[in-house]
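Below: one structure, written as structure tokens.
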Amino acid sequence: MSRIRKDLSLAQKLDILDKIKLQPPGCNTRRLSEILGVSKSTIARIQLQEQFLREQALSQVTTRKRKREGKDADVDEALTQWFTLTTSRGVQVSGPILKAKSEDLARKLGNDEFKATDGWLSRWKVRHDIKFKRSHGEKASANSEYADEWKFTKLPQILAKFSLDDIYNADETGLYYRATPDGSLCFKHE
């Protein structure tokens, strides 16, 4: 019988040890090899490491953090997909935008009672490894070609609908108090 060599996980090694203990006393290594489907040397090595393997498994159980899920998995998944798509297009996304979008998605999914709190948002960002990063250099620079196109085609169309008496200089108003910040939320690895 030829066996394909593969590395065994800790769980598989512990499973082999448990199956060995279930065998009748005096069962030789060759017979164990046939029953378990692993080589004799693998069985011998696992038996020698039994105490270490069991301690390792115990330490993993006590130190492992539980994976927390959001209060509404459908909204969580939908928002993650939307966020991935939106940020891949280069759109800057902030916390209030995420909260509004998550509530909108919840309504579309039939969950009218969903409320995106600050706590929910911060846990969602932790679950998906999302951080706020500032834009630097070329990332933050404007697309001048698009700006010129807008300035010479779209803006005159909009202004044509107004009389000159309705146009004001608004450079010192609080117009930018809710402007998108100099950075955006994005996945930590980006």
Looking at the stretch 44-123, what helices (runs of 4 or more DSSP H) fall wholly within it and have at least 3 residues that are exposed (fewer than 14 other Cβ atoms within 10 Å of the Cβ), out of contact with any helix residue (DSSP H, G or I) (no Cβ under 7 Å at 6 or more places or on another chain) and at pLDDT below 85? 50-63
Do we find that Arg31 is open to solvent by 40 Å² or more (accessible area, probe 1.4 Å), modelled with pLDDT under 90 and under 30 Å from Lys133 (Cα atoms) in this structure? no
Look at Glu138 and say whether it is of a type in the set (D, E, K, R), modelled with pLDDT under 80, open to solvent by 70 Å² or more (accessible area, probe 1.4 Å) and assigned to a helix (DSSP H, G or I). yes
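To keep it simple, each residue is scored yes or no on (1) open to solvent by less than 80 Å² (accessible area, probe 1.4 Å); (2) in contact with a Pro (Cβ under 6 Å, 6 or more places away or on another chain); (3) at pLDDT 80 or above; (4) in a helix (DSSP H, G or I).
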{"position": "Val126", "(1), (2), (3), (4)": "no, no, yes, yes"}
{"position": "Asp148", "(1), (2), (3), (4)": "yes, no, yes, yes"}
{"position": "Thr153", "(1), (2), (3), (4)": "yes, no, yes, yes"}
{"position": "Asn169", "(1), (2), (3), (4)": "no, no, no, no"}
{"position": "Thr180", "(1), (2), (3), (4)": "yes, no, no, no"}
For residues that are part of a helix (DSSP H, G or I) and out of contact with any helix residue (DSSP H, G or I) (no Cβ under 9 Å at 6 or more places or on another chain), scanning just the stretch 23-40, find the one that is nearest to Asp7 (Cα to Cα). Glu34
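Does the stretch 54-64 contain any residue that is touching a residue at least 40 places away in the same chain (Cβ under 8 Å) and not polar (S, T, N, Q)?
Within the stretch 54-64 (the criterion being touching a residue at least 40 places away in the same chain (Cβ under 8 Å) and not polar (S, T, N, Q)), the answer is yes, since at least one residue qualifies.
The values are calculated or read from the model by the stated rules, or taken from the named source; none is laboratory data. Source: prediction; values computed, not measured. So basically every Cβ, Gly included, is an ideal-geometry build from the backbone, and we count neighbours across all protein chains shown. SASA here: full protein model, heavy atoms, side chains in, ligands and nucleic acids out. Shrake-Rupley method; radii C 1.70, N 1.55, O 1.52, S 1.80 Å.
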